[in-house]
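Computed from the coordinates by the stated procedures, all read-outs in this text should not be read as laboratory data. Keep in mind that this is a model prediction, so the values were computed, not measured. As a convention, Cβ positions derive from the backbone with ideal geometry for all residues, glycine included, and neighbour counts pool all protein chains shown.
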Amino acid sequence: MNKYEHLLSPIKIGGQQFKNRIFHSPTGVSIDPERYCIGYYERKAIGGAASVCVGDGCPNIAGRARKSQINLWDTTYRTSMADLAHSITRHGAVASMELLDAGNAAAYSATLGYDLYGPVDGVTANGTPIKMMDEDKIMEVIEQHARAALYCKTSGFNMVTIHGGHGWLITQFLSKENTRKDKWGGSVENRARLANAIIDRIHQVCGSDFPVEIRIVGDEVYDGGYHIEFGIDLAHQLEGHADLIHVSTGSHEVPDVFTVTHPSLFLPDGCNVKYAAEIKKHIKNTPIATVGALSDPEQLEEIIASGQADVVELARGLICDPDLPVKLMTGRDDEVRECMRCLYCFSKHMHSDIINCAINPESGHEFEITNYQIALPKVLKKVLVVGGGMAGMQAALKASERGHEVILCEKSDALGGVLRCEKEVPFKEKLDRYIELQKHLIEKDGKIEVRLNTEVTPELAKEIAPDVILAALGARPVKPQIPGIDGPNVFGAEEIYYHPEKAGKNVVILGGGLVGMELAIFLSMKGSNCTIIEMLPDLNTGGNNLHALAISGQMKKYGIHASTGTKALEITEKGVMCEYTGSKPSERFIFDMPKVFPDAESGTHLYEADTIIYAVGQKPLMEESEALRSCAPEFYAIGDCIVPKDIWTATTNAYYIARDLGRY
């Protein structure tokens, strides 16, 4: 008997059989570029998901929130749609398409000159007028959804998912702001009327056996929004209409709850399951799905086994490890790569329309991985990997998988690299799990020779005589050269992560990058009062704007201050004397920052502190790396010893360089 018997059991929804209870929830990867889109969704089907939902299908040309939404209002993409559906269904998964009309949040359509419509008259935050939908317009929207669903069905999709949450059109009708006096507003029955009319019309044109899922918000979790009591009432209204009620949380249109809708690493696993579980208690005849911060296999099994939900829906969990379902089926749950919830994937998508996962180097290249046979090495090599951090472990695993002989040397007494220092940080639990997984996979591989407490000198490298050296030595913290930096009250960030008890009650952190901000949050959790000093005009979140949103919420929660455009002049036993440089933030910033110094004449200010911590960046160990260049015929520097960046850069760089070895 499989330990995940409930999770892996089949379920029938509408007239459709699903092979297990793990669904891929909609993510907004558009059909252009087509090959990327097909590879992205097909990979989830190959990995064993019972259903794969293509996100961001738009039934209405005037209802687009984003340019990249898939055109469902005409048949321009019919061939591509059919190819996309077939790429999912041919692997035994049910292909679903999300139908998303943004209503009065259709920002992209507005830029093209289309009017914004919603349940009531109004105006957007930027002053764009919103028109109230009259009866004819409402009926038109219903027909648009039905036509789009039929287009999906005739293209080969087996199901549609109506997006009725997160601030889009249907949510606007459901919200308290819907003050209409006709049958489309007022009571919960009237506010749910549009959702039910769309579902019923789809069933009329596509058949009663064609499943219609609807995503709703169980609790909007912000002041002024509706809460779980209304969510329960709403589910009662949908029962008998929808075939699956998919319970989410929050809103895209309220920044403070965005990272609850898409849970950040500061929230626990399955933090939103409670809303689906509460609705499930009251709904007996329609299956309930839950979503958000789900990737722990044991938790997934418990959700289904305990009756909290009938289906678990994973987005980031299947981006991080698309093979999660098949790994559970085949008894390889010890190999599951759990999502860290760093929001790198979502932020990358917002910048480039491509999704990359920080710890899945194949993400963003699914079509290549799935549809092209990567040639086996022509020549098997003896590979020396120098450094057992993120890049080194990934390189060793990939090189060994490709058949090469691998020796992995690590200077310290354990694999994992510099990020091991964050092991005890509560919100970095998933990072520690990933490090432990990589260590476990190296051990399980059985062919990688690991040498700990081994510093690779040129002499040792020549003694080993490898064909290839992959130098993954990493980087070391920069120690700023300012007076007082060697004082007894001054520490590097790494030392404080290992020994947080050394931090006093009042802490000043020099450096407003991710290391400094996350350290401030960690120490604040332990009771310290933290201030961040940053010389540049802005704090630096490394381009991960959604993680920045989560960080800003934590900084506000713990009262962490940040002073940008501020230069540390001297450290004393009393604190840090600083000078205001006059640099202004380049954009309206979301962090709480002091604007002026008390001493306006001198422009200097003493930030009093028991402890000063520097986190001003990393210096790549380039010289140490270059010393090994002549010790093997092939030499590659990977990871932070080139330019310190992020986990995605390190793992991806290591993966592809190791994959390409042996071509000559």
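Residues HIS252, HIS166, arranged from fewest to most other Cβ atoms within 10 angstrom of their Cβ, appear as HIS252, HIS166.
Between THR79 and ASP209, the FRET efficiency from the beta-carbon distance, with R0 = 30 Å, is close to 0.70. Taking each residue as 0.36 nm, the span from GLU436 to ASP413 lengthens on full extension beyond its C-alpha to C-alpha distance by 6.8 nm. For the pair LYS556 and THR581, the difference between a 0.36 nm per residue extended length and the Cα-Cα distance amounts to 6.5 nm. For LEU380 and MET1, the FRET efficiency from 1/(1 + (r/R0)^6), where r spans their Cβ atoms and R0 equals 56 Å, is about 0.85.
When only alpha carbons are used to place a centre, the stretch 318-335 and the stretch 529-557 end up 34 Å from one another. Calculated translational diffusion coefficient of the chain (20 °C, 1.002 mPa s; Stokes-Einstein with Kirkwood radius over alpha-carbon pairs) equals 80 µm²/s. Which percent, to the nearest 5, of DSSP beta bridges fully inside the stretch 494-590 are antiparallel? For the stretch 494-590, the DSSP antiparallel bridge percentage is about 45. Calculated mean residue ellipticity at 222 nm for the chain: -9500 deg cm²/dmol, from DSSP H runs with n ≥ 4 weighted as -39500 (n - 2.57), summed, divided by the residue count and rounded to 500. Work out the P(r) tail for the stretch 266-331: percent of alpha carbon pairs separated by more than 19 Å, whole number. When every Cα pair of the stretch 266-331 is considered, 31 percent fall beyond 19 Å.
Distance from the Cα centre of the stretch 116-134 to that of the stretch 400-416, in angstrom? Their Cα centres are 60 Å away from one another. Restricting attention to the stretch 73-220, close to 15% of DSSP beta bridges with both partner residues there are antiparallel.
Pull out a ≥ b ≥ c, the square roots of the eigenvalues of the alpha-carbon gyration tensor of the stretch 468-589, then state rounded if a/c is under 1.5, prolate if not and a/b is larger than b/c, and oblate in the remaining case. Rounded is the answer for the stretch 468-589, as its axis ratio a/c remains below 1.5. Relative to the longest principal axis of the Cα atoms of the chain, helix 429-445 runs at roughly 70 degrees.
Dipole size of the chain about its Cα centre, with +1 on Lys/Arg Cβ and -1 on Asp/Glu Cβ: approximately 900 debye, rounded to the nearest 20. Taking the empirical scaling 2.2 N^0.38 Å for compact globular proteins as reference, the stretch 292-451 has a Cα radius of gyration ratio of 1.13.
Within a straight-line Cα-Cα reach of under 20 Å, LYS556 can be paired with the following lysines, leaving aside sequence neighbours fewer than 8 residues apart in one chain: LYS428, LYS505, LYS526, LYS595.
Straightening the chain between THR154 and LYS131 buys 4.9 nm, computed as 0.36 nm per residue apart minus the Cα-Cα spacing. Farthest toward the positive end of the dipole of the stretch 370-441, out of PRO426, LEU384, HIS440, is the Cα of LEU384, where the dipole comes from beta carbon charges about the Cα centre. Where in the chain is the longest stretch that carries no GluC sites (Glu not before Pro) classed as loop by DSSP and with at most 14 other Cβ atoms within 10 Å? Here the longest segment lacking exposed loop sites spans 6-423. The mean sequence distance of close C-alpha pairs (under 8 Å, at least 6 residues apart), as a share of the length of the chain, puts its relative contact order at 11 percent. Of all lysines in the structure, those lying under 22 Å Cα to Cα from LYS281, and not within fewer than 8 positions of it along the same chain, are LYS12. Think of the chain as having a plus end and a minus end, set by charges on the Cβ of Lys, Arg, Asp and Glu; of LEU174, PHE491, TYR226, LEU174 sits farthest toward the positive end of this dipole. The lysines whose alpha-carbon is closer than 17 Å to the alpha-carbon of LYS44, local same-chain residues fewer than 8 away aside, are LYS19, LYS327. Counting only DSSP beta bridges whose two residues both lie in the chain, roughly 20 percent are antiparallel. Between HIS6, PHE23, ILE46, the Cα set farthest toward the positive side of the dipole of the stretch 1-78 (charges on each charged residue's Cβ, about the Cα centre) is that of HIS6. Projected label points at HIS236 and GLU335, each 7 Å from Cα along the beta carbon direction, are separated by 4.9 nanometres. Compared with the dominant principal axis of the Cα atoms in the chain, helix 228-238 is inclined by about 40°.
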